Amino acid sequence: MKRIFRRVLLSVCIASLAGSGLAGELPRLVTKDGRHALMVDGAPFLMLGGQAHNSSNYPAALKPLWTAAADAGANTVEVPVAWEQIEATEGRFDFSFVDTLVKEARQNKVRLVLLWFGTWKNTSATYSPEWVKFNNQRFPRMLDKEGKDIYCLSPFGEETLKADRKAFVELMKHIKKIDEKQQTVIMVQVENEVGTYNLVRDYGAKAQAAFAQPVPQAVLARKKSPLPGAASGTWSEVYGPYAEEYFHAWAVASYIEEIAKAGRAVYDLPMYVNNALRDPLAPMAPWKDNFASGGPTFDVIDIYKAAAPHIDVAAPDIYMPEWAKVTATVEKFQRPDNALMVPEIGNAENYARYAYLVFGRGGIGFAPFGLDYADYSNFPLGSKLKDKKMAEPFGKVFKVFRPMQRQWAKWAFEGRTYGVAESEERTPQTIEMKGWKATVSFREWQMGEKHFFPNLKDLPADTESPNGGVAIAQIADNEFIIVGQYARVKISGENKRSMYARVEEGYFDASGKWVMERNWNGDQTDYGLNFTGNPVVLKVRLGMY
Ligand code: DGJ
């Protein structure tokens, strides 16, 4: 009898856990069949994010951040936690900002990604405490070829690593203490845009000695030599003209690994690094002072994977507005061993359409940078606007994804999703799905085909610059969820005589059930499915005749 009771109780528990996901389980990144999901509360989670400005990491600066996050429909905000603010005096920790941040994030019902601004912030020591910044003896800077100190701290500084690691571990301990139950913090970025400008690597004594050593086996196993027959040996022997950049990437990644590993040992949250990009379209060539050497640029992701197994993702910060560059970047960072996550993208309007591309391709997160309404604009990287008008274009996209973010993340993990963004050429794009093809065209009126009206000069309002985008999830053989803006979508199947059975506009409710608001037919479907500047969600089913 007792045994039966216990069994019933157990199955009740399992059933209730399955309904809500495995609540209590820490956020983590999972990979299956080369696809990825960020699990939060035990289920895939789509990060509709926004990053605060660099100096918004103080309680007084948070209010406009919450307003902006709400305007943007963000479910996650990314906020810096600076080493200088938690350990201004060595060994004395102050987590008052973190406490306020977590408390207010909960009140505003958003999750947090914390950005650890430690040894390196945009490669520099700006956010390390003064006792680190100005003690070159104890915390050595990198040396150039002439032996002169440069601005960037050395990845071979043993004391620097020890001190940064200690502060980071204290931070992770604190987050565990205040947040393990509620899990408001779902991910941590370790350092910020690492690497070094204007110098390919450290020439200090320790670096010189390491550079003369054989390339570690773990690196050799992942990063093949560009030279014929150079399977092992020193960095120069194996990697020739790329040796110095690759060596620096290994040194920086190894340093980050020590920090991430120690942090995860106390509180095991997913961790990632972000990258100031190198040009994804330029022919591959050794470093020529054209990007931050040693950062997780696409060409050294393998080295980061080898040296930093406690880092889940190498993520691109996108400040190149061109469609071809964004597309190439996304393609290079999305790999079976590396989830696509865009932790920073310009907050100018023309970047909003890339959310469809990233979410459609199965990205786990997307966050415009400088989303808070601080009185600061990072134009020309981002928008000149600093108010509601800046958040609005992102808000439009996020608000259609938000009610179905859990379903979308699950479909993406299952490989059912696709996405495109309009290019500067405005040319139509096609999406190959299972048994069906979607053709997405831009600058179309909602009625008729372009060739019906050869003399018509008018073009739809607000399409002067490219801002169209579409994301599709194929949820069954002949059924699709389609979201988009400023685009026309037509679905066809080879050798299929088909027509729409249903084109329902609606939304998913809180329990995940589809709620139909109306069915599109007639003019609304005769010339494709036309999305205006007000994105909507369509549930489309086709039938064959
Ligand atoms: C990328 C960095 O990661 C951010 O912290 C910020 O400095 C932007 N660039 C520029 O606004």
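Taking a straight line from the alpha carbon of Lys173, these lysines sit under 28 Å away, with near neighbours fewer than eight places off in the same chain left out: Lys63, Lys103, Lys109, Lys121, Lys133, Lys162, Lys181, Lys261, Lys305.
With a simple spin-label model that places each label point 7 Å from the Cα along the Cα-to-Cβ direction, the separation between Lys176 and Ala209 comes to 3.3 nm. Computed from the C-beta positions of Tyr545 and Lys162 and an R0 of 45 Å, the FRET efficiency is 0.05 to the nearest 0.05.
Simple spin-label model, 7 Å along Cα-to-Cβ: Val266 to Ala324 in nm? So the label points at Val266 and Ala324 sit 4.9 nm apart. The residues of the chain present an accessible area of 43 Å² per residue when probed at 1.4 Å with all protein chains retained. Share of Cα-Cα pairs in the stretch 448-545 beyond 22 Å, in percent? Across the stretch 448-545, Cα pairs with separations above 22 Å total 35 percent.
Close amide H pairs (under 5 Å, H built 1.01 Å from N) link Trp120 with Asn192, residues at least 5 positions away or on another chain. The label point for Lys399 and the one for Arg138, both projected 7 Å from the Cα toward the Cβ, are 5.3 nm apart.
Here the peptides 235-245, 281-291 are ranked by packing, the mean other Cβ count within 10 Å, and the order with the highest first is 235-245, 281-291. Each listed q (0.12 Å⁻¹) maps to a log10 I(q)/I(0) for the chain from the Debye sum over equal C-alpha point scatterers, namely -1.15.
Sort Lys396, Lys121, Lys109 from largest to smallest accessible area, using a 1.4 Å probe on the heavy atoms of the protein chains. Write down the numbers at each step before the final one.
Working: Lys396 70, Lys121 15, Lys109 155 Å².
Correct descending sequence by accessible area is Lys109, Lys396, Lys121.
When the scattering of the stretch 368-413 is computed by the Debye formula from its Cα atoms alone, each counted once and equally, what is log10 I(q)/I(0) at q = 0.21, 0.28, 0.34 Å⁻¹? One equal scatterer on each Cα of the stretch 368-413 leads to -0.72, -0.94, -1.21. Close Lys pairs in the stretch 400-545 (alpha-carbon distance under 27 Å; sequence gap of 8 or more, or different chains): 22. Scoring 524-530, 311-317 by mean Cβ neighbours within 10 Å over their residues and listing the highest first yields 311-317, 524-530. The alpha-carbon of Lys148 sits under 13 angstrom from the alpha-carbons of these aspartates and glutamates, leaving out residues fewer than 8 places away in its chain: Asp202.
Projecting the Cα atoms of Phe401, Leu143, Tyr255 onto the dipole axis of the chain, where Lys and Arg carry +1 and Asp and Glu carry -1 at the beta carbon, places Phe401 farthest toward the positive end. Computed from the C-beta positions of Glu392 and Tyr527, the FRET efficiency with R₀ = 30 Å rounds to 0.60. How about the stretch 100-177: which GluC sites (Glu not before Pro) there lie in a loop by DSSP and see at most 10 other Cβ atoms within 10 Å? Answer by residue number: Glu146.
Taking 0.36 nm per residue of sequence separation and subtracting the Cα-Cα distance, how much length would be gained by fully extending the chain between Glu424 and Glu130, in nm to one decimal?
Values: separation 294, 0.36 × 294 = 105.84 nm, distance 4.62 nm.
Additional length available on full extension: 101.2 nm.
How large is the helix-only mean residue ellipticity at 222 nm for the chain, computed as the sum of -39500 (n - 2.57) over DSSP H runs with n ≥ 4, divided by its residue count, in deg cm²/dmol to the nearest 500? Mean residue ellipticity, 222 nm, calculated: -9000 deg cm²/dmol. Charges were assigned to the Cβ only: +1 to each Lys and Arg, -1 to each Asp and Glu. The resulting dipole of the stretch 374-426 about its Cα centre is roughly 320 debye. For Lys396, a cut-off of 19 angstrom between C-alpha atoms picks up these aspartates and glutamates, skipping any fewer than 8 places away in its own chain: Asp71, Glu344, Glu349, Asp372, Asp387, Glu422, Asp462, Glu464, Glu505, Asp509, Glu517. Over the stretch 315-365, what percent of the accessible surface lies on carbon and sulfur atoms, probe 1.4 Å? In the stretch 315-365, the share of accessible area belonging to carbon and sulfur is 53 percent. Sorting Phe379, Phe508 by accessible area puts them as Phe379, Phe508; the probe is 1.4 Å, largest comes first, and only protein heavy atoms count.
Axis angle, to the nearest 10 degrees, between helix 2-20 and the longest C-alpha principal axis of the chain: 80 degrees. A full extension of the chain between Ala88 and Asn198 corresponds to an added length of 36.7 nm, given 0.36 nm per residue minus the alpha carbon distance. The angle separating the long axis of helix 323-333 from the principal Cα axis of greatest extent in the chain is about 60 degrees.
Quote to one decimal, in nm, the extra length available between Lys496 and Lys109 on full extension: 0.36 nm per residue of separation minus the C-alpha distance between them. Before the final figure, lay out each step's value.
Numbers: separation 387, 0.36 × 387 = 139.32 nm, distance 4.62 nm.
Working it through step by step, the gained length comes to 134.7 nm.
The values are calculated or read from the model by the stated rules, or taken from the named source; none is laboratory data. Source: prediction; values computed, not measured. A quick note on method: Cβ atoms are made from the backbone with ideal geometry, for glycine too, and the neighbour counts reach across all protein chains shown. Just the protein is used for accessible areas: all its heavy atoms, side chains included, with ligands, DNA and RNA removed. Shrake-Rupley method; radii C 1.70, N 1.55, O 1.52, S 1.80 Å.
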